Amino acid sequence: YTILSRVHSDRNVYPSAGVLFVHVLEREYFKGEFPPYPKPGEISNDPITFNTNLMGYPDRPGWLRYIQRTPYSDGVLYGSPTVENVGKPTIIEITAYNRRTFETARHNLIINIMSAEDFPLPYQAEFFIRNMNVEEMLASEVLGDFLGAVKNVWQPERLNAINITSALDRGGRVPLPINDMKEGVYVMVGADVPFSSCLREVENPQNQLRCSQEMEPVITCDKKFRTQFHIDWCKISLVDNTKQVSTFQEVIRGEGILPDGGEYKPPSDTLKSRDYYSDFLITLAVPSAIALVLFLILAYIMCCRREGVEKRNMQTPDIQLVHHSAIQKSTKELRDMSKNREIAWPLSTLPVFHPVTGEIVPPLHTDSYDNTSMPLMQTQQNLPHQTRIPQQQSAGQY
């Protein structure tokens, strides 16, 4: 395949700092850049995925997230811009990949973050919606319905969605693929008026006790959300930025508290060079020299101070050496005799007849051994110096 790349024209967007920013990467927008190759009459529905990164960097800014469930769904860039990026254009490179033809199309998204006049909104509430995924909540109509329900409960003059975070990014677990379970999503909204009494009901001791026992708290305005959104009221967070909490605490000096040393003064940029030769000698040269001396001493003891066989023989009595030598000599003679066993087998141990055919089998001896004239057993007549025994005669004859 030939991998082609096309570059779109840049697109500029102008989000406000502290307000939720959502940008949808539509597959239909990029399909026109990929020429269709299906057969006539077929509809092209190629799988397309996106890769987004900050220009010159491998990843996106910390406040910007991206999600795309499948190659057949649109991608979504979302996040809450920070005040530090106001006035600095953020260029996001968007690359679309056609997974069927291996073609690519690219264009740049220039995010110009504007400052909001009433930022930050002083009263912020974060809701956890259990029956929604993040891409479902980012849809404009769903998010609008949720803000409308919050506005009916809160009654603010100005209400904005500040941020949306998936429960998986907060350490949540992936739900099981049964009963169409959702991962859940956190939605933070901000308003310019104090929290309503309905939202304050979560802070009641009775509801706090029910939450500690993993029971649903009793909230009067829950029915306004229950038709579409299942809110976990035990996880709601209410933040009032109008109350300035003093972080200064008077330190009572006593045992275990170090005296105040003043402000930290970092070292100057012009540092003098340091000679590490003495450190090298102490850490490497000295231990190496000691190890070498110990090695030489051990080698002298093991190699040059050996007593040897001669000194051992000089310290051994002569009679013990003679006995040892005699034992070694006798052992050697016995071993030599056992190696030269060439005596033929006795005839009495050889078979006379073949066990199968019945033929007479000649005795087996070596060629150098001649015993054909030797009888199997010597008779009494052949024995020398044999005394004859007188035979018994019949009665009456001597």
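Report the net charge of residues surrounding Gln155, where surrounding means a beta-carbon distance below 15 angstrom and charges are Lys +1, Arg +1, Asp -1, Glu -1. Computed value for this residue: +2.
Accessible area of Tyr57 (1.4 Å probe, protein heavy atoms only, ligands and nucleic acids ignored): about 140 Å².
Taking amide H positions as modeled 1.01 Å from N, with prolines and chain starts lacking one, the residues under 5 Å from Ile162 and 5 or more places away or on another chain are Leu20, Met188, Val189, Gly190.
Ratio of Rg to Rh for the stretch 121-238: 0.95 [Cα atoms; Kirkwood radius as inverse mean 1/r over pairs].
Remark: the stretch 58-70, residue by residue, has Karplus-estimated 3J(HN,Hα) of x, 10, 8, x, x, 8, 9, 10, 9, 8, 8, 5, 9 Hz, where x stands for each Gly or Pro and the curve is 6.51 cos²θ - 1.76 cosθ + 1.60 at θ = phi - 60°.
Residue-wise HN-Hα couplings along the stretch 88-93, as the Karplus relation 6.51 cos²θ - 1.76 cosθ + 1.60 with θ = phi - 60° gives them from phi, are 10, x, 10, 9, 9, 8 Hz; Gly and Pro carry x. Peptide packing for 124-134, 312-322 was compared via the average number of neighbouring C-beta atoms within 10 Å per residue; ordered from the highest value, the list is 124-134, 312-322. For Leu25, the residues whose modelled amide H falls within less than 5 Å of its own, excluding neighbours fewer than 5 places apart on the same chain, are Gly75, Val76, Leu77.
Only protein heavy atoms count here; under a 1.4 Å probe, Cys221 has an accessible surface of about 10 Å².
Computed from backbone phi, the HN-Hα couplings of the stretch 326-336 come to 5, 5, 5, 5, 5, 4, 5, 5, 5, 5, 5 Hz, rounded to whole numbers (Karplus: 6.51 cos²θ - 1.76 cosθ + 1.60, θ = phi - 60°; Gly and Pro given as x). In terms of distances greater than 23 angstrom between alpha carbons, the cross-link table entries Lys31/Lys88; Lys88/Lys265; Lys182/Lys224; Lys182/Lys223; Lys151/Lys223 yield Lys31/Lys88; Lys88/Lys265. Here, P(r) means the percent of Cα pairs in each 5 Å bin from 0 to the largest distance; for the stretch 3-111 it is 2, 11, 21, 23, 18, 11, 7, 4, 2, 1, 0. Taking every protein chain into account, the accessible area of the stretch 121-238 amounts to 52 square angstrom per residue (probe 1.4 Å). Farthest towards the positive end of the charge dipole of the stretch 3-111, among the residues Leu109, Ser73, Pro61, is the Cα of Ser73, using unit charges on the Cβ of Lys, Arg, Asp and Glu. Across the options Gln155, Phe225, Cys211, the greatest Cα extent toward the positive end of the charge dipole of the stretch 121-238 (unit charges at beta carbon of Lys, Arg, Asp, Glu) belongs to Cys211.
Per residue, the solvent-accessible area of the stretch 3-111 (1.4 Å probe, heavy atoms of protein chains only, all protein chains present) comes to 54 Å².
For Ser16, nonlocal amide neighbours, meaning residues 5 or more places apart or on other chains whose placed amide H falls under 5 Å from its own, are Met114.
The values are calculated or read from the model by the stated rules, or taken from the named source; none is laboratory data. It should be emphasised that the depicted structure is a prediction, and the values quoted were computed from it without experimental measurement. A quick note on method: Cβ atoms are made from the backbone with ideal geometry, for glycine too, and the neighbour counts reach across all protein chains shown. For the accessible areas, the whole protein counts, side chains as well, though only heavy atoms, and no ligand, DNA or RNA atoms are used. Shrake-Rupley method; radii C 1.70, N 1.55, O 1.52, S 1.80 Å.
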